[in-house]
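Worksheet for the structure shown next.
Here, each number is a calculation from the coordinates, and none is a lab measurement. Bear in mind that the values here come from a model prediction, so they are computed numbers and not experimental data. Here the Cβ is made from the backbone with ideal geometry for all residues, glycine too, and neighbour counts use every protein chain on show.
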2 protein chains.
Amino acid sequence: MNYLRTGAEIYEESFRIIRDETDLARFPEDVSRVVVRMVHAAGATDIADDVAFTPAVVARANAALRAGAAILCDSSMVATGIITSRLPRSNDVICHIKDPALAEVARREGITKTMAAVDLWLPRLEGAVVAIGNAPTALFRLLEVVRATGVRPAAVVGIPVGFVGAAESKEALAANDLGLEYLVVRGRRGGSAMTVAAVNAIASTDELTNTSRQD
Amino acid sequence: MNYLRTGAEIYEESFRIIRDETDLARFPEDVSRVVVRMVHAAGATDIADDVAFTPAVVARANAALRAGAAILCDSSMVATGIITSRLPRSNDVICHIKDPALAEVARREGITKTMAAVDLWLPRLEGAVVAIGNAPTALFRLLEVVRATGVRPAAVVGIPVGFVGAAESKEALAANDLGLEYLVVRGRRGGSAMTVAAVNAIASTDELTNTSRQD
């Protein structure tokens with residue numbers, strides 16, 4: 001069969017197509033570069049139309065990573081997808097969802113395991129980069145924790161997916177009066193792949209090598 | 001904030017919405033159940049319109065898992081997302097992409113690391129369940145390996161994503177004359193989340209508990 005067989009060729013052609021077909025005019029340059037990666041991960045150029053953000057979100061998140069901030073993830077797939085070799089300070093990538101104690105906490109408090117896992121972020125939350133790519137309840141809970149404690153992450157990549165609460169949780173983040181920097185994809189669409197693509201793009205400006213997945 | 005806070009409620013409402021909004025009429029019952037999970041993972045009901053499949057794919061893949069087949073994955077995110085506790089026979093979940101030897105093999109042969117990783121599947125490929133959720137070159141290579149060796153997996157969940165080769169690789173799978181059972185999402189869309197959702201749904205018929213991600 002005839003197809004491109006090297007990672008560099010595939011990336012170059014992919015990003016050429018994406019830039020050709022996607023309306024990126026409204027994004028600052030650094031956000032635009034991240035959106036290109038999100039479109040790539042989704043296989044859908046119209047994802048760009050649903051992106052909402054604060055103008056400094058990429059700069060703030062990148063600066064936090066360069067200062068050694070942890071990355072707090074709601075799902076194992078998000079944590080796994082982050083390419084640790086590209087992180088500037090061997091930053092900790094933290095996900096509590098497989099903690100066996102969560103099920104009991106969730107049952108006792110009448111909340112999702114995801115929410116119980118977010119509560120465990122608190123000691124590392126100040127100045128962290130939050131990456132939510134699965135569960136709307138993680139994003140709702142984060143907003144509650146920030147409001148209750150005053151502890152603030154440096155930036156929130158909030159891209160949960162789904163039919164119940166996903167759109168609403170992202171609207172709540174975009175409307176936050178807590179001073180949170182954010183990057184979201186409005187609506188039902190989202191997920192771990194887009195979230196990981198955003199974090200990896202924020203961590204490294206080297207577009208053609210910023211992944212270990214296809215190379 | 002006011003939102004649903006228990007996994008069971010969230011799943012029940014999610015699947016109610018999906019079944020209400022998605023045209024599932026053309027699918028056999030077992031495939032329909034898998035497509036519902038894929039729609040859920042994508043946050044997009046129109047994914048269902050792009051699904052192509054062989055009628056026996058879910059039954060064959062489920063039977064293979066019950067017989068102890070390995071699951072061969074192209075990416076770490078796919079391997080991580082598969083809920084091992086739901087697998088019927090503690091089946092092996094195999095992904096070679098982080099093997100440090102791959103980079104050298106790929107450079108020497110002028111292929112992607114993903115393709116080199118697929119070549120390593122061969123000793124476990126006969127009767128296996130293949131789950132490709134990232135790289136088109138993994139799917140192209142699989143077809144080459146099956147044609148060259150005559151070794152056949154029980155079923156191929158082939159849902160790579162992207163702008164270069166993704167649509168083409170899935171069309172090649174759907175047009176295969178190798179006797180491969182398949183489940184694909186035509187076009188550019190795809191990814192690890194949909195692939196994982198399909199495999200987890202194939203492995204377990206318990207819809208409301210078939211995930212550890214949001215519970």
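Here are some notes:
- Cβ-Cβ FRET estimate between B:Asp119 and A:Ile94, R0 fixed at 35 Å, reported to 0.05: 0.50
- Secondary structure note: in the protein assembly as shown, about 20% of the DSSP beta bridges are antiparallel.
- The label point for B:Ser85 and the one for B:Ala148, both projected 7 Å from the Cα toward the Cβ, are 4.1 nm apart.
- 7 Å along Cα→Cβ, label-point gaps from B:Asp20 to other copies, nm, shortest first: 4.2
- Rel. contact order, % - alpha carbon contacts under 8 angstrom, at least six apart, chain A: 25 percent
- With the convex hull drawn over the C-alpha atoms of region B:139-200, the volume per residue is 72 Å³.
- Chain B, helix-only ellipticity at 222 nm - DSSP H runs n ≥ 4, -39,500 (n - 2.57), divided by all residues, nearest 500: -13500 deg cm²/dmol
- Sorted from closest to farthest, the other copies place their B:Gly68 label points 5.0 nm away, with each point set 7 Å from Cα along Cα→Cβ.
- Of every Cα-Cα pair in the protein assembly as shown, the percent that sits beyond 31 Å: 35 percent
- Overall form of chain A per C-alpha gyration tensor (a/c, 1.5; a/b vs b/c): prolate
- Here the calculated FRET efficiency for B:Arg16 and B:Arg108, from their Cβ-Cβ distance with R0 = 45 Å, stands at 0.25, rounded to the nearest 0.05.
- Degrees between helix B:57-66 axis and first principal axis of chain B (Cα, 0 to 90, nearest 10): 80 degrees
- Cβ-derived FRET efficiency at R0 45 Å, B:Ala174 paired with A:Ala174, nearest 0.05: 0.70
- Rounded, prolate or oblate (a/c below 1.5 giving rounded, otherwise prolate when a/b exceeds b/c) for region B:47-98 by Cα gyration tensor: oblate
- Virtual paramagnetic centre 7 Å along Cα→Cβ of B:Glu126, amide N under 19 Å, in region B:132-156: B:142-156
- Helix B:7-21 axis, angle to chain B major axis (alpha carbon atoms, nearest 10°): 80 degrees
- In loop segments of region B:7-38 as defined by DSSP, the trypsin sites (Lys or Arg not before Pro) with at most 14 further C-beta atoms inside 10 Å of their C-beta are B:Arg26.
- Separation between Cα centres of region B:27-101 and region A:140-157, rounded to whole Å: 35 Å
- Take B:Asp119, move 7 Å from Cα toward the beta carbon, and the resulting point lies 5.1 nm from the same point in each other copy, nearest first.
- Angle between chain A longest axis and helix A:29-42 axis [Cα atoms, degrees, rounded to 10]: 90 degrees
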